[in-house]
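> Pasting a structure below so you can have a look.
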Amino acid sequence: MKLRFLILSILFPLSLAAQNPLYRYPMDIPMIMSASFCELRPNHFHAGLDITTAGEIGVDIKSVADGYVSRIRVSPFGYGHALYITHYDGYTTLYGHLSGYAPKIEKVISAQQYKNQSFEVDYYPQKDEIKVKRGEVVAFSGNTGGSGGPHLHFEVRENETEDALNPLAFIQPIDDINPPTIYGVKIYILENDSQVDGECADKYYSMKQISGRTIKAFGHIGLGINANDFFSVGGRPCGLVEIALYDGEKLVFQSRLDRMPFDKSRYINSFIDYAHYQDTKQYVQKCFVEPNNQLDIFSAHDDIYIAPGETHNIRFELKDFVGNTSVLRFSILGDSSVNNTPISPSGRPLEWALQQRIDTLGITVDIPQGTFYKNEYVNLSCDTSPRYSRPVYTVGNYRIPLQNYISMRIPVPEKIKSLIGSQYTPKQVFVAKMGAKNSIGYVGGAYSNGYITAETRTLGSFLIATDTIAPKIVGKSGSVLTQAGNIIIGISDNMSGIEKYNVFIDGEWKLFEYDYKNVRLIAPVAKLNLKSGSHTLVAKVEDPCGNERVWEWKFTVR
């Protein structure tokens, strides 16, 4: 039987919540989205909307409703400068990647930073301590934290559960007539004797490959869809809201992303085909549910059994927030003729529902219950790295996702162990992970009795490494400054990263922002309260291994 293929587009009515918006827009510029709620991301669902600012930094951010500032979070990573406003209707809004805050909020958080002598702060003002009105300027847009470019990250959270909700349900509807775009389908064998097109293996079909072709399969199978959505304005890829899969008229799978508990966001690694993403950077969304997938987004989930001679008419229906729908239809013919022998899995069998310990090859690996999303086979090996001349322990591979951290206890090579206390401190010896081209990345850990114990949330190859080199500090400002200028200090580390950083001017601690994307510390001269004349700056930067660099610089303010 020939495979049949069809994609349609339908515009459904907007949700009632969006027809009666609770909140105003957080900016007075056009609402152009660059990312949607629950868009797929590495290891998490995107918790809000990303709203572009046309490359601008410093756009006024306004409170979407009356409320009070309930949290101010400043970090070099994640949301960067973030502001949380609790409203009197049971919801809290979050504004992330900010460049700064309105003066009355800036005054409060700056006082906390100087009190703690730390750029990084997480401060919770008392209820109604900092009240704000609907439309009041509360902050300014930026590119801080893990942002990939200037924009506003905007979230709505339910106070009772702290779940993230789709902000599109709270604001005036946006124009969107684009249906989701489908790129391909993947068919999975769910038992050893299952097969797809005569082979006992999963198979991916692009739209070009699937069009006009008969798919043959046998046994228990699962389906996955590679698709995305695009807002009409802006044209950036965003996520789907709903996926429905039908076998004939039977609904075998349905997922809908209207809310996301933060403690369940990492289960995305079971919702997507994690290995396929690692290999191709494409997100295939599984339309079956693995045993340890604890997402509460499924109203139906089952696999499909294909018997010889049966024809199954398959239909996908994919929807975005406003109901634009794309439909994909094709057929699968039951055929049990197999062209290859089923492959027996290799490695140690590990059950997802059990707490387990692996003690072999000189290492110990402790795996908490629920770490895997399904039962897995994990290979373990030990080889000697020709580059580093020490054992490399391989535990599984990067294509197997982990929900929890696992603990590894790895022996320190005798040559390194004999130098601890003389050439190395215990903190300078750590677990590292092998990367591309035999590079190594810092994992960390604690030394005790000849072993390093460290935690990791990814599998792969690990070895013991050392770091005795202090971070680098490079001044990037001229020696004569004005009140309108900035003091910029470049900082970097060869191995383990930056752990601590402090800057003192004339013996007093001063607030410098750590901009990790541009590997620098930066502070506006005007905010440092420096008088005209000569000054002495001392910067101290330390890595996680305890290696510290101290740098002194003399400058003049005019």
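> Considering only region 301-325, state which residues are buried (at least 19 other Cβ atoms within 10 Å of the Cβ), within 17 Å of V196 (Cα to Cα) and of a type outside the set (V, I, T).
D303, H312
> Here's a follow-up. Name every residue in region 229-248 that is assigned to a strand (DSSP E or B) and surrounded by fewer than 21 Cβ atoms within 10 Å (Cβ to Cβ), in order of residue number.
F230, P237, E242, A244, Y246, D247
> When region 353-411 is examined, which residues are found to be touching a Phe, Trp or Tyr at 6+ places or on another chain (Cβ under 9 Å) and free of Cβ contacts under 8 Å to residues at least 24 places away in the same chain?
Passing the criteria: Q369, S381, C382, D383.
> Only residues that are under 21 Å from R520 (Cβ atoms), small (G, A, S) and within 27 Å of the chain's Cα centre (by Cα): list them for region 97-139, please.
S99, G100, S118
> Further question: I need the full set of residues from region 197-214 which are at pLDDT 95 or above and within 18 Å of F288 (Cβ to Cβ), in order please.
Matches in region 197-214: D202, K203, Y204, Y205.
> Within region 93-105, can you find the residues that are more than 21 Å from Y514 (Cβ to Cβ) and crowded, with 18+ Cβ neighbours inside 10 Å?
T93, L94, A102
> So, of the residues in region 355-381 that are of a type in the set (A, V, I, L, M) and over 13 Å from N404 (Cβ atoms), which turns out to be farthest from the chain's Cα centre (by Cα)?
L361
> If you go through region 326-355, how many residues are polar (S, T, N, Q), surrounded by fewer than 19 Cβ atoms within 10 Å (Cβ to Cβ) and in a strand (DSSP E or B)?
1
> Given the criteria touching a residue at least 60 places away in the same chain (Cβ under 8 Å) and among the polar types (S, T, N, Q), does S346 qualify?
Spelling it out, it is not the case that S346 is touching a residue at least 60 places away in the same chain (Cβ under 8 Å) and among the polar types (S, T, N, Q).
> For region 516-558, name all the residues that are exposed (fewer than 13 other Cβ atoms within 10 Å of the Cβ), of a type in the set (A, V, I, L, M, F, W, C) and assigned to a strand (DSSP E or B).
The one that is exposed (fewer than 13 other Cβ atoms within 10 Å of the Cβ), of a type in the set (A, V, I, L, M, F, W, C) and assigned to a strand (DSSP E or B): V550.
> Restricting to region 446-493, and then to whatever is open to solvent by 50 Å² or more (accessible area, probe 1.4 Å) and among the hydrophobic types (A, V, I, L, M, F, W, C), can you tell me which residue is nearest to E552 (Cα to Cα)?
It comes out as V474.
> Also, quick follow-up: Please determine, by comparing only the residues of region 411-450 that are in contact with a strand residue (DSSP E or B) (Cβ under 8 Å, 6 or more places away or on another chain) and small (G, A, S), which one is nearest to N397 (Cα to Cα).
The selected residue is G435.
> Something else: Of everything in region 135-174, what is surrounded by fewer than 18 Cβ atoms within 10 Å (Cβ to Cβ) and either without any contact (Cβ under 8 Å) to a residue 24 or more places away in the chain or among the hydroxyl-bearing types (S, T, Y) (or both)? Give them in sequence order.
G148, T161
> Scan region 363-395 for residues that are assigned to a loop (DSSP other than H, G, I, E, B), of a type outside the set (S, T, N, Q) and at pLDDT 95 or above and jot them down.
Residues satisfying the conditions are P368, G370, F372, Y373, K374.
> Out of (1) within 33 Å of the chain's Cα centre (by Cα); (2) within 21 Å of I182 (Cβ to Cβ), what's the single condition that is false for N313?
Tallying (1) within 33 Å of the chain's Cα centre (by Cα); (2) within 21 Å of I182 (Cβ to Cβ), N313 fails exactly one: (1).
> What number of residues within region 204-215 are in a strand (DSSP E or B) and surrounded by fewer than 17 Cβ atoms within 10 Å (Cβ to Cβ)?
The qualifying residues number 1.
> If you scan region 175-201, which residues turn out to be within 23 Å of S326 (Cβ to Cβ), open to solvent by 30 Å² or more (accessible area, probe 1.4 Å) and either not aromatic (F, W, Y) or not in a strand (DSSP E or B) (or both)?
If the condition is that a residue be within 23 Å of S326 (Cβ to Cβ), open to solvent by 30 Å² or more (accessible area, probe 1.4 Å) and either not aromatic (F, W, Y) or not in a strand (DSSP E or B) (or both), then D175, I177, N178, P179, T181 are the ones that fit.
> Among strands (runs of 3 or more DSSP E) lying entirely in region 436-494, which contain 1 or more residues that are of a type in the set (D, E, K, R) and on the phi < 0 side of the Ramachandran plot?
Fully inside region 436-494 and qualifying: 451-456, 472-475.
> With the requirement that a residue be in contact (Cβ under 8 Å) with a residue 12 or more places away in the chain, more than 21 Å from the chain's Cα centre (by Cα) and open to solvent by 40 Å² or more (accessible area, probe 1.4 Å), what does region 416-445 give you?
Within region 416-445, K417, Q423, T425, P426, K427, N438, G445 meet the criteria.
> Let me ask another. Report, by residue number, each residue of region 470-497 that is at pLDDT 95 or above, out of contact with any Pro (no Cβ under 7 Å at 6 or more places or on another chain) and under 19 Å from Y516 (Cβ atoms).
Selection gives A470, P471, K472, I473, V474, I487, I488, I489, G490.
> In region 267-300, what residues are open to solvent by 30 Å² or more (accessible area, probe 1.4 Å) and either more than 21 Å from A201 (Cβ to Cβ) or in a loop (DSSP other than H, G, I, E, B) (or both)?
K281, Q282, Y283, V289, P291, Q294, D296, F298, S299
> Moving on. What number of residues within region 356-370 satisfy the criterion of being in contact with a Pro (Cβ under 6 Å, 6 or more places away or on another chain) and open to solvent by 60 Å² or more (accessible area, probe 1.4 Å)?
0
The values are calculated or read from the model by the stated rules, or taken from the named source; none is laboratory data. Predicted model, so just to flag it, every value in this text is computed and none were measured. Cβ: placed from backbone, ideal geometry, glycine included. Neighbour counts: every protein chain shown. The accessibility values were calculated without ligands, DNA or RNA, using every heavy atom of the protein model including side chains. Shrake-Rupley method; radii C 1.70, N 1.55, O 1.52, S 1.80 Å.
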